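Colleague: One structure, as structure tokens, below. Some questions next.
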Amino acid sequence: MLKKTAPEYFDVTVGSIHDFGNETKDFEFLFDAGREIRFIAGQFISVVLPRDGKVIRRAYSIASPPEEPRHLNLIIKRVEGGLVTNWFWTLKPGDRFQVHGPFGKFILPDPVDFEPLFIATGTGVAPFRSMIHSLLSAGFKGRMSLLFGARFETMIPYHEEFQELARRYPNFTYLPTVSRPTPAWKGASGYVQTQVEKLLANPAAVRVYICGLNEMIQPVQQVCLKAGLPKDRISYEKYD
Ligand SMILES: Cc1cc2nc3c(=O)[nH]c(=O)nc-3n(C[C@H](O)[C@H](O)[C@H](O)COP(=O)(O)OP(=O)(O)OC[C@H]3O[C@@H](n4cnc5c(N)ncnc54)[C@H](O)[C@@H]3O)c2cc1C
């Protein structure tokens, strides 16, 4: 049985930073010696930033699995005029700051006795990267799928990593879809909502988890309901 832990404050050090392009980066944060975070895949942490005598906090889903508690990865999209994301863009390896967590109820039940279908666009992939790695490393043998939508094929974070997981684990289906593909793109095209039914062949066994901005969550939910999925088998985490 997965047990939630009480949130704590942690000082972290910036480790590696990976630039995916499209104003999106993966940041690795390292915990101090003797400290580690206990969380459940799908939870988020708050970044705590002192500014002008006030404390600013922003939520970020943890993109790394709980089996790696000595560090965490966040995937962050820079928002135009955004206070905290623009501060992230000033960070370099070795910089230090504070996070508070874990928080959140966007988690899988234990046991996972159904087929999870994860649907995301943009940085909404974060909780699913954590869940997918966690399930596979625990030996999950059921079917599970990740449907990821991007505008261009150059805007798919962790693309090679998910392709490799799908090759290694036949029970994991990875379906990236691109709404404005170039002629070179050989995969699926269109918005995520146009691809959902492909992965709902067995709706009675599936539970859908959606993460990202509201403009995507709404239509995806509608498609799932229309395909016959009961409302209580659809969960989502909204970033805006
Ligand atoms: C549970 C949860 C998890 C989240 N996880 C992530 C994550 O993993 N990665 C991530 O990048 N973000 C995530 N977010 C969004 C994040 O918390 C911030 O809202 C976002 O990074 C913007 O912060 P900011 O301080 O730069 O912008 P702000 O200064 O707060 O906002 C500046 C302007 O941008 C608009 N805006 C705010 N957020 C967004 C957005 N996401 N997209 C477009 N416009 C926006 C605002 O309306 C405002 O006009 C999550 C949010 C929630 C609630």
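Colleague: Just checking, which of P181, P176 is assigned to a loop (DSSP other than H, G, I, E, B) and of a type outside the set (D, E, K, R)? If you could, list the steps in order and put the result at the bottom.
Modeller: Details: P176 fails: assigned to a loop (DSSP other than H, G, I, E, B).
After applying the criteria, what remains is P181.
Colleague: If you don't mind, another one. Which of the residues that make up region 55-67 are among the basic types (K, R) and away from the ligand (no atom under 16 Å from the Cβ)?
Modeller: none
Colleague: Any residue that is touching a strand residue (DSSP E or B) at 6+ places or on another chain (Cβ under 7 Å), of a type outside the set (K, R), within 16 Å of the ligand (Cβ to nearest atom) and free of Cβ contacts under 8 Å to residues at least 40 places away in the same chain - is there at least one of those in region 179-200?
Modeller: Among the residues of region 179-200, not one is touching a strand residue (DSSP E or B) at 6+ places or on another chain (Cβ under 7 Å), of a type outside the set (K, R), within 16 Å of the ligand (Cβ to nearest atom) and free of Cβ contacts under 8 Å to residues at least 40 places away in the same chain, which makes the answer no.
Colleague: Here is a follow-up. Out of the residues in region 14-49 meeting the condition of being in contact with a helix residue (DSSP H, G or I) (Cβ under 8 Å, 6 or more places away or on another chain) and over 13 Å from A126 (Cβ atoms), tell me which one is farthest from the ligand (Cβ to nearest atom).
Modeller: Among them, the one singled out is G21.
Colleague: Here is a further query. Anything in region 206-236 that is of a type in the set (V, I, T), in contact with a helix residue (DSSP H, G or I) (Cβ under 7 Å, 6 or more places away or on another chain) and in a helix (DSSP H, G or I)? List them, or say none.
Modeller: Those that are of a type in the set (V, I, T), in contact with a helix residue (DSSP H, G or I) (Cβ under 7 Å, 6 or more places away or on another chain) and in a helix (DSSP H, G or I): V220, V223.
Colleague: I want to confirm something. Restricting to region 215-240 and keeping residues that are β-branched (V, I, T) and within 12 Å of E197 (Cα to Cα), which single residue is nearest to the chain's Cα centre (by Cα)? So that I can check it myself, show each step before the final result.
Modeller: Pass one, region 215-240, residues β-branched (V, I, T): 217, 220, 223, 234.
Next, from what is left, pick out any that are within 12 Å of E197 (Cα to Cα): 220, 223.
Details: V220: 16, V223: 21 Å.
Among residues in region 215-240 that are β-branched (V, I, T) and within 12 Å of E197 (Cα to Cα), the one nearest to the chain's Cα centre (by Cα) is V220.
Colleague: Among the residues of region 92-149, which ones are of a type in the set (K, R) and crowded, with 23+ Cβ neighbours inside 10 Å?
Modeller: Going through region 92-149, the residues of a type in the set (K, R) turn out to be 92, 96, 105, 129, 141, 143.
Selection gives R129 alone.
Colleague: I would also like to ask the following. Going through region 210-224 one residue at a time, which ones are surrounded by fewer than 14 Cβ atoms within 10 Å (Cβ to Cβ) and away from the ligand (no atom under 16 Å from the Cβ)?
Modeller: Matches in region 210-224: Q222 only.
Colleague: Taking the condition in contact (Cβ under 8 Å) with a residue 12 or more places away in the chain, within 9 Å of the ligand (Cβ to nearest atom) and not aliphatic (A, V, I, L, M), does R70 pass? Quick ask: steps written out before the conclusion?
Modeller: On the way: in contact (Cβ under 8 Å) with a residue 12 or more places away in the chain: yes; within 9 Å of the ligand (Cβ to nearest atom): no; not aliphatic (A, V, I, L, M): yes.
Spelling it out, it is not the case that R70 is in contact (Cβ under 8 Å) with a residue 12 or more places away in the chain, within 9 Å of the ligand (Cβ to nearest atom) and not aliphatic (A, V, I, L, M).
Colleague: Here are some residues: G94, G104, G42. Which one is more than 18 Å from the chain's Cα centre (by Cα), of a type in the set (G, A, S) and at pLDDT 95 or above? So that I can check it myself, show each step before the final result.
Modeller: Details: G104 fails: more than 18 Å from the chain's Cα centre (by Cα); G42 fails: more than 18 Å from the chain's Cα centre (by Cα).
Checking each option against the conditions leaves just G94.
Colleague: So, D52, is that one within 14 Å of the ligand (Cβ to nearest atom), modelled with pLDDT under 95 and not basic (K, R) or not?
Modeller: Details: within 14 Å of the ligand (Cβ to nearest atom): yes; modelled with pLDDT under 95: yes; not basic (K, R): yes.
Yes.
The values are calculated or read from the model by the stated rules, or taken from the named source; none is laboratory data. Keep in mind that this is a model prediction, so the values were computed, not measured. Because the Cβ atoms are built from the backbone with ideal geometry, glycine has one as well, and the counts that use them run over all protein chains shown.
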